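Worksheet: one structure, shown below.
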Amino acid sequence: MLRHIKTVLSILKERDNPLKIIWAYILLRTGLNKYVHIKQRGYKIHLSQSNLAITLFGNKDYGQEDEGFLRKTLKPGNTYVDVGANIGTLVLTGAISVGTEGHVIGIEAHPKTFGVLQSNIRLNGFESIELINSAVGNEKGKLHFSDAKSDDSNKILLDSNQGVEVDVNLLDELLKDTNDIDVLKIDVEGFEKQVFEGAAAVLNKTKLIYFESFENNYATYNYNTGDIINLLTSSGFQIFKVINNTHLQPLDNNYRSLKCENLVATKEPTCLEGEYNFEIIK
């Protein structure tokens, strides 16, 4: 019991509005959370056991940098693909941005998290969203996926029988019937390189990539930020670091993401300034 209390206290220290977080855990423990919806900008989600849902219950502004990027770059009628969709906050943001004429595809590997994702999409009634329950990598098969309570940090486990077994597919196969992709977002806790390696055809039809980059996560799978940059530049992309959702800093393969951040890749850098109103730092 004492050990459990210490764990909860350590979690609360890292959270904004700890009293709200305590209230969230009470609602979850009593089952009253099923009556609670967390309202965001244009959509709502269930208060679930998800780490992200609990965080948003305490701080509704959490994650606004990512949502702001999508609202700035996605237009009505666009196609948005979210690999590593978690419980769907960015899928829902994308659906609002592309409207009824657009198309959103959310891909999530963990079966339990996928169930929460489905529930959140149903709650909002969007019809432009397609959901796929699959991990994504550079070869088709099955792998084990971690099953931690902090669901937003679950990831592929190589050479392990722990966690839950999931299907793995190439992004090229999952999106073979999808034509041009306006924004491709990838957040797979360090498995980004393997996703890109199985996405040669997808990269050819993608205008803008927004992907999580963190050296510590990459090290789990024995590569670094420069390897990602080399892979994307060999496919014709230029890579940039996002600064305050207003400026973009060009990167070369010597760059390392020493903290968790999101990078942008595009074959059309002029569109970043003209169409999306970013300023590229010279």
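Being modelled with pLDDT of 75 or more and of a type in the set (D, E, K, R) is the filter; apply it to region 1-46 and report the residue that is nearest to Leu117 (Cα to Cα).
Within region 1-46, the match that is nearest to Leu117 (Cα to Cα) is Lys44.
Which condition number does Val164 fail, the rest of (1) in contact (Cβ under 8 Å) with a residue 40 or more places away in the chain; (2) under 20 Å from Thr79 (Cα atoms) being met?
(2)
Output the residue which, of all residues in region 147-182 that are out of contact with any helix residue (DSSP H, G or I) (no Cβ under 8 Å at 6 or more places or on another chain) and assigned to a helix (DSSP H, G or I), is nearest to Glu212 (Cα to Cα).
Leu174
May I ask you to list the residues in region 104-115 that are acidic (Asp, Glu) and over 13 Å from the mean Cα position of the chain (by Cα)?
Scanning region 104-115 gives no hits.
Which of the helices (runs of 4 or more DSSP H) contained wholly in region 39-138 include at least 3 residues that are touching a helix residue (DSSP H, G or I) at 6+ places or on another chain (Cβ under 6 Å) and either of a type in the set (Ser, Thr, Tyr) or under 22 Å from Asn154 (Cβ atoms) (or both)?
Correct list: 51-58, 89-98.
Counting just the residues of region 249-276 that are farther than 19 Å from Asp187 by Cβ and among the hydrophobic types (A, V, I, L, M, F, W, C), which one comes out nearest to the chain's Cα centre (by Cα)?
Per the criteria, the residue is Leu272.
Among the listed residues Gly77, Gly141, Gly88, identify the single one that is buried (at least 23 other Cβ atoms within 10 Å of the Cβ), on the phi > 0 side of the Ramachandran plot and small (Gly, Ala, Ser).
Gly88
How many residues are over 16 Å from the mean Cα position of the chain (by Cα), more than 20 Å from Gln64 (Cα to Cα) and either at pLDDT 95 or above or open to solvent by less than 20 Å² (accessible area, probe 1.4 Å) (or both) if we restrict to region 116-128?
Adding up the residues that qualify gives 4.
Within the set of pairs 6+ apart or on separate chains, which have a first residue in region 110-127 that is at negative phi, a second that is open to solvent by less than 40 Å² (accessible area, probe 1.4 Å) and modelled with pLDDT under 95, and C-beta atoms under 6 Å apart?
His110/Phe145; His110/Asn154; Thr113/Asp151; Val116/Ser48; Val116/Ser50
Give, as residue ranges, the strands (runs of 3 or more DSSP E) completely inside region 183-282 that count at least 2 residues that are open to solvent by less than 40 Å² (accessible area, probe 1.4 Å).
Fully inside region 183-282 and qualifying: 206-213, 238-243, 261-266.
The values are calculated or read from the model by the stated rules, or taken from the named source; none is laboratory data. Nothing here was measured: the structure is a model prediction, and the numbers come from that model. Methodologically, a virtual Cβ is constructed for each residue, glycine included, from the backbone with ideal geometry; neighbour enumeration extends over all protein chains shown. The area values use the complete protein model at the heavy-atom level, side chains included, leaving out ligands, DNA and RNA. Shrake-Rupley method; radii C 1.70, N 1.55, O 1.52, S 1.80 Å.
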